[in-house]
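Undergrad: Here it is, the structure, as structure tokens.
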Amino acid sequence: MIKLKNSKQIEGIRKSCRLLAQVYLKLIPQVGEGLTTAELDKIARELITSRGGRPAFLNYDGYPGALCTSVNHQVIHGIPGNYKLQNGDIISLDLGIELNGFFSDQAVTLPIGSVSPDAEKLMRVTSECLYRGIDAAREGNRVKDISRAVQAHASAHGFGVVREFCGHGVGLAVHEEPQIPNYVGPGPNPRLKAGMVVAIEPMINLGTDAVHVLDDGWTVETADHSLSAHFEHTVVILKGKTEILTLPD
């Protein structure tokens, strides 16, 4: 069931998203060569808890971190650990916050030092896919309008679109209905209505769209070990407009 949020709930979600955007503003400048992904996770936890929030992903279905740190050919759900970031890496950071019972979700992919032209293009196109998806997320449109916008832009550049994982509703829980695939396929195609809060999150690969999950049960990698990028915003569908909630003030 898709949960339409009332104005009070939307305001609570907005506050959670605003906090998440503020955390990213503090976190991103600290991401650099030589830092371990576990150190990034520690920084994220402290930034959230010191501001009265709770890391939404920590212990969610057993996930051991607050921050998902996916490096290079890792797509999503990379577990923070001892890996030290190196010049030329790209890293996806995926983070959620629960604040007073309301949830937010956002992801960015960042370059470490000087990255390859292919990596730069992949990050740029994936970010563009996100905003094209958001442009299609309008009251009266359908979920597959978002999917189509993302897939068309990625495919135009010859990139693979991850199919096994997708965007989703969010706000009163970490994951809610509807699912929002990044490609047009079979399955439900609900109409977008005012009060829907969704996380739109293209996961785009430099090579094939095929992925697999590692033995840790979490980390998703590209099947061909090509680079992958991931960008995400939480948005709310309103009467006549759509608001990106995870933008900084």
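The values are calculated or read from the model by the stated rules, or taken from the named source; none is laboratory data. All values derive from a computational prediction rather than experimental measurement. Note that each Cβ is placed from the backbone with ideal geometry, even for glycine, and that neighbours are counted across all protein chains shown.
Yes/no matrix, rows are residues, columns are (1) surrounded by 14 or more Cβ atoms within 10 Å (Cβ to Cβ); (2) closer than 19 Å to G169 by Cα; (3) at pLDDT 95 or above:
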residue	(1), (2), (3)
K3	yes, yes, yes
R14	yes, yes, yes
C17	yes, yes, yes
L20	yes, yes, yes
I28	no, no, yes
E39	yes, no, yes
A56	yes, yes, yes
D61	no, yes, yes
G65	yes, no, yes
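Undergrad: On to the next question. Every residue in the range 180-203 that is farther than 19 Å from T246 by Cβ and in contact with a Cys (Cβ under 8 Å, 6 or more places away or on another chain), please.
TA: P181
Undergrad: Suppose we filter the range 195-249 for residues that are among the hydroxyl-bearing types (S, T, Y) and part of a strand (DSSP E or B); how many remain? So that I can check it myself, show each step before the final result.
TA: Restricting attention to the range 195-249, the residues satisfying the condition of being among the hydroxyl-bearing types (S, T, Y) are 208, 219, 222, 226, 228, 234, 242, 246.
After this cut, where a residue has to be part of a strand (DSSP E or B) as well, the list is 222, 228, 234, 242.
So the count comes out to 4.
Undergrad: Looking at the range 38-58 only, could you name the residues that are touching a residue at least 40 places away in the same chain (Cβ under 8 Å), closer than 20 Å to F231 by Cβ and touching a Gly at 6+ places or on another chain (Cβ under 6 Å)?
TA: A56, F57
Undergrad: Further question on the same structure: How many residues does the range 112-148 hold that are free of Cβ contacts under 8 Å to residues at least 60 places away in the same chain, part of a helix (DSSP H, G or I), over 19 Å from A194 (Cβ atoms) and of a type in the set (G, A, S)?
TA: Number satisfying all stated conditions: 1.
Undergrad: I need the full set of residues from the range 16-35 which are basic (K, R) and either touching a Ser or Thr at 6+ places or on another chain (Cβ under 8 Å) or closer than 23 Å to V197 by Cβ (or both), in order please. Quick ask: steps written out before the conclusion?
TA: Initial filter on the range 16-35 (basic (K, R)): 18, 26.
If the condition is that a residue be basic (K, R) and either touching a Ser or Thr at 6+ places or on another chain (Cβ under 8 Å) or closer than 23 Å to V197 by Cβ (or both), then R18 is the only one that fits.
Undergrad: For the condition without any contact (Cβ under 8 Å) to a residue 60 or more places away in the chain, of a type in the set (D, E, K, R) and out of contact with any Pro (no Cβ under 7 Å at 6 or more places or on another chain), what is the one hit in E176, E221, E164?
TA: Working: E176 fails: without any contact (Cβ under 8 Å) to a residue 60 or more places away in the chain; E221 fails: without any contact (Cβ under 8 Å) to a residue 60 or more places away in the chain.
Among E176, E221, E164, only E164 is without any contact (Cβ under 8 Å) to a residue 60 or more places away in the chain, of a type in the set (D, E, K, R) and out of contact with any Pro (no Cβ under 7 Å at 6 or more places or on another chain).
Undergrad: Let me ask something else. Test each condition in (1) among the hydrophobic types (A, V, I, L, M, F, W, C); (2) surrounded by 22 or more Cβ atoms within 10 Å (Cβ to Cβ); (3) farther than 28 Å from P186 by Cα for A119 and report the one that comes out false.
TA: Going through (1) among the hydrophobic types (A, V, I, L, M, F, W, C); (2) surrounded by 22 or more Cβ atoms within 10 Å (Cβ to Cβ); (3) farther than 28 Å from P186 by Cα one by one, A119 breaks only (2).
Undergrad: For the range 80-102, which positions are under 20 Å from the mean Cα position of the chain (by Cα) and part of a strand (DSSP E or B)?
TA: Once the filter is applied, which keeps residues that are under 20 Å from the mean Cα position of the chain (by Cα) and part of a strand (DSSP E or B), the range 80-102 yields I90, I91, S92, L93, D94, L95, G96, I97, E98, L99, F102.
Undergrad: Mind counting the residues in the range 210-237 that are among the hydrophobic types (A, V, I, L, M, F, W, C), surrounded by fewer than 20 Cβ atoms within 10 Å (Cβ to Cβ) and over 17 Å from C166 (Cβ atoms)?
TA: So the first thing to find is which residues in the range 210-237 are among the hydrophobic types (A, V, I, L, M, F, W, C), and the list is 210-211, 213-214, 218, 220, 223, 227, 229, 231, 235-237.
Remaining after also requiring surrounded by fewer than 20 Cβ atoms within 10 Å (Cβ to Cβ): 210, 213-214, 218, 223.
So of that shortlist, the ones also over 17 Å from C166 (Cβ atoms) come out as 214, 223.
Selection size over the range 210-237: 2.
Undergrad: For the structure I just gave you, tell me whether V108 is assigned to a strand (DSSP E or B), buried (at least 17 other Cβ atoms within 10 Å of the Cβ), of a type in the set (A, V, I, L, M, F, W, C) and touching a Ser or Thr at 6+ places or on another chain (Cβ under 6 Å). Even if it seems obvious, please write down each step before you answer.
TA: Values: assigned to a strand (DSSP E or B): yes; buried (at least 17 other Cβ atoms within 10 Å of the Cβ): yes; of a type in the set (A, V, I, L, M, F, W, C): yes; touching a Ser or Thr at 6+ places or on another chain (Cβ under 6 Å): no.
Taking the combined requirement at face value, the residue does not satisfy it.
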